[in-house]
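Participant: Sharing a structure here in structure tokens format.
The values are calculated or read from the model by the stated rules, or taken from the named source; none is laboratory data. Since this is a predicted model, take the numbers as computed values, not measurements. Methodologically, a virtual Cβ is constructed for each residue, glycine included, from the backbone with ideal geometry; neighbour enumeration extends over all protein chains shown. Protein only, heavy atoms only, side chains kept; ligands, DNA and RNA dropped before computing areas. Shrake-Rupley method; radii C 1.70, N 1.55, O 1.52, S 1.80 Å.
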Amino acid sequence: MTDLTQGIVTKSTGSWYQVLDPESGRQIRCRIRGVFRLRGSRTTNPVVVGDRVRVETGAAEGENVITEILPRRNYIIRRASNLSKESHIIAANIDVAYLVVTLDRPVTSTEFIDRFLVTAEAYRVPTVLLLNKIDLFAAPEYREAIDSFVEIYRGAGYEVLEISAAAGIGVDALRERMQGKTSLFTGHSGVGKSTLINAIQPGLGLKTGAISDYHHKGKHTTTFSEIFPLDGGGLLIDTPGIKGFGLIDIAPDELARYFPDLFRRAPECQYYNCTHTHEPNCAVMAAVARGEIAESRYVSYLKMLEDDDKEGKYRK
């Protein structure tokens, strides 16, 4: 005797999947059928956290089986480090992605940030930047670096929130805006993501890690992506620390449209198919020269073109 249940995948270990039944609040431990696992899969993980799925429940735990993935509204995807597969989907059906970044200990590179933002634009995931550990940079000499970072990304069209999990700065306001939404938290290891999540939802007790004094980098404390229900309503997706972010399925001639600051200028270019690399009367390059588009953003764009354009068509 089996029943059909619709739910949300809240944890994936690769072998077992945990599915939340929203009506009862029950967590159902499931497997996926081998045929279903392999069918048309070009990713390392065919079922991901945040997926809405149908589950066939059996009399025993081992008989619970995910039978269908419902259409995804959006997702965050990156090139897989496992060369036998093409891509790795981090999570699906996200209302807001919060990219946690730090100016130091560890430094979050602007290229990493820009690669994440490009992917979020391409797959329709609204993103907010959380500039964490702001309490460590209270001295006046750090203010210029903070203001510069904020200006770059607010100028590009993104919301930037200054926050400190350790000092509690901005945490209450962040918790309030997350109510009733599915929020993804991601970033490098060591940026304080787990500490921040513990502050947003007291009682979770997520493990936190120290920063390596030698490398000034964080140590992984989260092993698998997992969803946690929030007391005020809504769901929080915690992800393992991400080291790199390779783009997938974004054609070089489409890349600029996922940079909102570049895309706004593109209609002013002389050529409709301008690559913004060498053409005369390019409005994007002119805006960079005038300081109206941040040079770091333009450099990220050029590096992504070079990395992903195998034929050299778009290189200078």
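Participant: What Kirkwood hydrodynamic radius do you get for the chain when you take the inverse of the mean 1/r over all pairs of distinct Cα atoms, in Å?
Facilitator: Taking the inverse mean of 1/r over all distinct Cα pairs, the chain comes out at 21.1 Å.
Participant: Right, next: Starting from the 7 Å offset along Cα-to-Cβ, what nm value, one decimal, do you get for the label separation of ASP95 and ASP253?
Facilitator: 3.9 nm
Participant: Now, a different point. For the chain, which longest stretch is free of loop sites, where a loop site is one of the chymotrypsin sites (Phe, Trp or Tyr not before Pro) that DSSP puts outside H, G, I, E and B and that has at most 15 other Cβ atoms within 10 Å? Walk me through the intermediate numbers first.
Facilitator: On the way: sites that count: TRP16, TYR214, PHE224, TYR271, TYR272.
For chymotrypsin sites (Phe, Trp or Tyr not before Pro) (loop position, at most 15 other Cβ atoms within 10 Å), the longest site-free span of the chain is 17-213.
Participant: In addition: Over the stretch 52-160, calculate the relative contact order: mean separation of alpha carbon pairs under 8 Å at least 6 apart, over the residue count, as a percent.
Facilitator: Computed over the stretch 52-160, the figure is 20 percent.
Participant: Given the Cα-Cα distance of ARG105 and ALA167 and 0.36 nm per residue of separation, how much length would full extension add, in nm?
Facilitator: 20.7 nm
Participant: Enter the accessible area per residue of the chain (Å², integer; probe 1.4 Å; all protein chains in place).
Facilitator: It amounts to 50 Å² per residue over the chain.
Participant: Treating only the Cβ of Lys, Arg, Asp and Glu as charged (+1, +1, -1, -1), what charge dipole size does the chain show about its Cα centre? Round to the nearest 20 debye. Mind showing how you got there, number by number?
Facilitator: Details: 39 positive and 40 negative charges, 166 e Å.
So the dipole magnitude of the chain works out to roughly 800 debye.
Participant: Please give the FRET efficiency for PHE224 paired with ARG154, using the beta carbon to beta carbon distance and R0 = 51 Å, rounded to the nearest 0.05.
Facilitator: Details: r = 33 Å, r/R0 = 0.65.
It comes to 0.95.
Participant: Calculate for the chain the 222 nm mean residue ellipticity that helices alone would give, adding -39,500 (n - 2.57) per DSSP H run of length 4 or more and normalising by residue count, nearest 500 deg cm²/dmol.
Facilitator: Taken over the chain, the calculation gives -7000 deg cm²/dmol.
Participant: Still on this structure: Which Cα, out of LEU20, LEU117, TYR298, lies furthest along the positive dipole direction of the chain (beta carbon charges, K/R +1, D/E -1)?
Facilitator: LEU20
Participant: Could I ask something else about it? For the modelled label position 7 Å from the Cα of ARG124 along Cα-to-Cβ, which residues of the stretch 236-271 have backbone nitrogen atoms closer than 18 Å?
Facilitator: Flagged as within label range: 249-251, 257-260.
Participant: Check the cysteines of the chain one by one and keep only those with no other cysteine Cβ under 4.7 Å from their own.
Facilitator: CYS30, CYS282 - these cysteines have no disulfide-compatible partner (Cβ-Cβ under 4.7 Å) in the chain.
Participant: Using only the heavy atoms of the protein chains and a 1.4 Å probe, how would HIS278, HIS88 rank by accessible area, largest first?
Facilitator: Numbers: HIS278 115, HIS88 60 Å².
Greatest to least solvent exposure: HIS278, HIS88.
Participant: Please report the carbon-and-sulfur percent of the accessible area for the chain; probe 1.4 Å, protein heavy atoms only, DNA, RNA and ligands left out.
Facilitator: Within the chain, the accessible surface is 49 percent carbon and sulfur.
Participant: Farthest toward the dipole's positive end in the chain, which of GLY192, SER225, CYS274, given Cβ charges of +1 (Lys, Arg) and -1 (Asp, Glu) about the Cα centre?
Facilitator: The Cα lying farthest towards the positive end belongs to SER225.
Participant: Also, quick follow-up: In a GNM of the chain with a 10 Å cut-off on Cα contacts, which of LEU184, LEU262, LEU204 has the highest mean-square fluctuation?
Facilitator: Looking only at LEU184, LEU262, LEU204, the biggest GNM fluctuation is shown by LEU204.
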